[in-house]
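The values are calculated or read from the model by the stated rules, or taken from the named source; none is laboratory data. On a predicted model such as this, the values are computed, not experimentally measured, just so you know. All Cβ positions, even for glycine, are placed from backbone atoms using ideal geometry, and neighbour counts span all protein chains on display.
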Amino acid sequence: MLENFIEVEKEDKKELYAYQQGDIDAIFERIDNGPKQHHLLYQLPTGGGKTVIFSEIVRRYISKHQKKVVVLTHRIELCKQTSKMLKGFGVKNKIINSKVKDLPDQNEYSCFVAMVETLKNRINDEKLHLDNIGLVIIDEAHYNSFRKLLSSFKNAFILGVTATPLSSNIKLPMHQSYDELIVGDTIASLIDQGFLARAVTYSYDVGLTSLKVGINGDYTVKSSDDLYTNTLMQEKLLHAYTERSLGKKTLIFNNGINTSLYVYETFREAGYPVRHLDNTSSNEERKEILQWFKHTPDAILSSVGILTTGFDEPTVETIILNRATKSLTLYYQMIGRGSRKLPLKDEFSVIDLGNNAARFGLWSEPVNWQHIFKSPEFYLENLRDDSEIELHFKYTMPAELRAKFSKTEDVTFDVDEEHKAAIAQNLRSKVVLEKSLDQHAAMCVDNTEELRDARMLSKELAADIECRIKRYSKCLSQCSKNYREWLVEDYSLKLTLLIGKKYREKILRELDEEEDEDEDQS
């Protein structure tokens, strides 16, 4: 049955690092001394070498226990990568793919690598029976498809491996399938030891209240497309790229194909080298695009989901999250695509256009995985929601707009501090808006020569006004969305009137100064 065996080139065995060896010893302590039919979950960050670790576990287990091993993955690319790594560790293995209908030659192999769905179908069809299986390793264990196979390996030790021990389905928490969790080295530790590149995160505030959450618990593609394809968001994306990643190899993650195609057109029209890739692309297209991406130093690749796992391109210099997600796993997977270290690459950039860092924390910040494993509902319920995140947005005037107010020394206004001061002086809250209006009007008048120009300039303060009104509304404790919208409209109207008043005062003041000058000369 040689035609059913996928030949994968042999890879040199990798040397194990101290942290990897320590985790392997801890796992074998459970395998050798734990209760029978024990289900163990092991966490290690993306880039920490999970495949290397479980390949060594397979090698050692087979030589020590004289039983066979099954490794389960959820994608064919991961099957091939895993098989190649196992061969590098001297483990003779066979991939059970869609072409394999039965296993008359199974005694020739000590390890089988299979996709969950394929193996489940073969077992259900009663066309395939695996003998003497003592260990089952589940890669990317946070996916729930593996649960379908657990009953087929009741006498085996189950080892799940993941970077994020949080189930993709909140109704099926991982602590229901696993008895305990072993936590490996942290991202920060792997960075300090020189195994991972350091992430420098640039966050751009994005209003997400228009997004809707689907039945899977994450933002829907439709609502994401509606937000991220609008002109303002496309301009923000292009601005963020030119400001933080110009000329660097950049991988962009989007939530929908429509958004990714918009991104492709935006960058193409701007004259940048860009390609688009999604799960409808053929294998030939995917291979050609990834080869182009690999060998083009300033390449930009706009993608949808497909490159979050099973993709390794160490030369990536920037990850752009052109989407919001409520999935902690996806957040780590996306950023992890840029974390591979190279001799001339000690750090990489993360451009966040979905408030993701505000939701989950920075990529390298410590995470209590034991708490998340044991109490996932509590963790998810306490994630910051979008309205709370947006309340803490701090408006920073763009450089090109700030230049238009060059005659004004300070264009900032701390609404919270002004409100505290007003309350302390027993004044009405509205004095805060009055002071803000006075500053905005003065800025427009001081930096123009005509009333018409001043009023035109005030239109460019829309984002600043909206941010100040949001902060002011927060100070009022309870404030409806309709009232906030009215406040913005009222503020803009009053600003127009106040600019007119200040311009009249400016003209009268200039006339008085001219008269005084004439009197002095006479």
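Taking the criterion of being among the aromatic types (Phe, Trp, Tyr) and in contact (Cβ under 8 Å) with a residue 24 or more places away in the chain, the only residue of region 457-485 that qualifies is Tyr472.
Would you check which residues across region 278-312 are farther than 20 Å from Gly336 by Cα and touching a residue at least 40 places away in the same chain (Cβ under 8 Å) and list them? Hit for region 278-312 is Thr296, nothing else. Might you check whether a residue that is over 24 Å from Lys84 (Cβ atoms), at pLDDT below 85 and touching a helix residue (DSSP H, G or I) at 6+ places or on another chain (Cβ under 6 Å) occurs anywhere in region 125-147? No, the conditions are met nowhere in region 125-147. On the stretch given as region 38-85, residues that are over 30 Å from the mean Cα position of the chain (by Cα) and farther than 16 Å from Ile182 by Cα total 14. Picking from residues in region 294-307 that are crowded, with 18+ Cβ neighbours inside 10 Å and not aliphatic (A, V, I, L, M), the one that is modelled with the lowest pLDDT is Gly305.
Yes/no matrix, rows are residues, columns are (1) more than 17 Å from Asn355 (Cα to Cα); (2) touching a helix residue (DSSP H, G or I) at 6+ places or on another chain (Cβ under 9 Å):
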{"position": "Thr201", "(1), (2)": "no, yes"}
{"position": "Ser224", "(1), (2)": "no, yes"}
{"position": "Asn254", "(1), (2)": "no, yes"}
{"position": "Tyr264", "(1), (2)": "yes, no"}
{"position": "Gly271", "(1), (2)": "yes, no"}
{"position": "Val274", "(1), (2)": "yes, yes"}
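Pairing residues of region 327-340 that are in the same structural domain as Ala358 (by TED's automatic domain parsing) with residues that are among the acidic types (Asp, Glu), at Cβ distances under 7 Å and at least 6 apart in sequence or on separate chains, gives Ser327/Asp218; Arg340/Asp312.
Give region 462-495 a look and list any residue that's under 19 Å from Lys506 (Cβ atoms) and of a type in the set (A, V, I, L, M, F, W, C), or say none. Leu495, the sole residue that qualifies. Figure legend. Inter-residue proximity from region 214-237: first residues surrounded by 13 or more Cβ atoms within 10 Å (Cβ to Cβ), second residues at pLDDT 95 or above and part of a helix (DSSP H, G or I), beta-carbon distance below 6 Å, spacing 6+ or different chains. Indicated pairs: Asp225/Asn258; Asp225/Thr259; Tyr228/Thr259; Thr229/Thr259; Thr229/Tyr262; Gln234/Thr266.
Within region 293-327, if we keep just the residues that are more than 30 Å from Asn382 (Cβ to Cβ) and of a type in the set (Val, Ile, Thr), the residue that is farthest from the chain's Cα centre (by Cα) turns out to be Thr296.
Each residue in region 239-286 was checked for being closer than 14 Å to Leu307 by Cβ, under 22 Å from the mean Cα position of the chain (by Cα) and basic (Lys, Arg), and 2 of them qualify.
Yes/no matrix, rows are residues, columns are (1) more than 18 Å from Leu401 (Cβ to Cβ); (2) aromatic (Phe, Trp, Tyr); (3) surrounded by 11 or more Cβ atoms within 10 Å (Cβ to Cβ):
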residue	(1), (2), (3)
Lys459	no, no, yes
Tyr483	yes, yes, yes
Ser492	no, no, yes
Leu511	yes, no, no
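With the condition kept exactly as written, say whether any residue in region 492-506 is at pLDDT below 90 and among the acidic types (Asp, Glu). No - not one qualifying residue is present in region 492-506.
Here region 336-353 is the region considered, the condition is being hydrophobic (A, V, I, L, M, F, W, C) and at pLDDT 95 or above, and the residue that is surrounded by the most Cβ atoms within 10 Å (Cβ to Cβ) is Phe348. All of (1) in contact with a helix residue (DSSP H, G or I) (Cβ under 9 Å, 6 or more places away or on another chain); (2) modelled with pLDDT of 85 or more hold for Phe393 with one exception: (2). Close contacts from region 426-439, counting a first residue that is under 20 Å from Cys479 (Cα atoms) and free of Cβ contacts under 8 Å to residues at least 60 places away in the same chain and a second that is aliphatic (A, V, I, L, M) and surrounded by fewer than 16 Cβ atoms within 10 Å (Cβ to Cβ), with Cβ to Cβ under 8 Å and a gap of 6+ residues or different chains, come to Ser429/Ile423; Ser429/Leu476. Selection of first residues in region 251-267 that are under 13 Å from Ile320 (Cα atoms) and in contact (Cβ under 8 Å) with a residue 12 or more places away in the chain and of second residues that are in a loop (DSSP other than H, G, I, E, B) and among the hydroxyl-bearing types (Ser, Thr, Tyr), restricted to Cβ pairs under 8 Å at least 6 apart or on distinct chains, gives the following pairs, ordered by first then second residue: Phe253/Thr308; Asn255/Thr325. Within region 470-489, the set of residues being under 17 Å from Glu388 (Cβ atoms) and touching a helix residue (DSSP H, G or I) at 6+ places or on another chain (Cβ under 6 Å) comprises Arg471, Tyr472, Ser473, Lys474, Cys475, Cys479, Arg484. Mind listing whichever residues of region 440-452 are assigned to a helix (DSSP H, G or I) and in contact (Cβ under 8 Å) with a residue 12 or more places away in the chain? Result: His440, Ala441, Ala442, Met443, Cys444, Val445, Asp446, Leu451.
Residues in region 410-432 that are more than 20 Å from Cys467 (Cα to Cα) and either β-branched (Val, Ile, Thr) or surrounded by 12 or more Cβ atoms within 10 Å (Cβ to Cβ) (or both): Ile423, Leu427. Does at least one position in region 233-250 carry a residue that is under 28 Å from Ser168 (Cα atoms) and either out of contact with any helix residue (DSSP H, G or I) (no Cβ under 9 Å at 6 or more places or on another chain) or at pLDDT below 95 (or both)? No: region 233-250 contains no residue that is under 28 Å from Ser168 (Cα atoms) and either out of contact with any helix residue (DSSP H, G or I) (no Cβ under 9 Å at 6 or more places or on another chain) or at pLDDT below 95 (or both). Taken as a whole, region 373-381 holds at least one residue that is out of contact with any helix residue (DSSP H, G or I) (no Cβ under 7 Å at 6 or more places or on another chain), of a type in the set (Asp, Glu), touching a residue at least 24 places away in the same chain (Cβ under 8 Å) and part of a helix (DSSP H, G or I).
In region 99-211, counting only strands (runs of 3 or more DSSP E) that sit wholly within it, the ones holding 3 or more residues that are assigned by TED's automatic domain parsing to the domain that holds Thr229 span 198-203. Of all the listed residues (Ile507, Ile499, Ile469), the sole one being of a type in the set (A, V, I, L, M), in a helix (DSSP H, G or I) and under 18 Å from Phe405 (Cα atoms) is Ile499.
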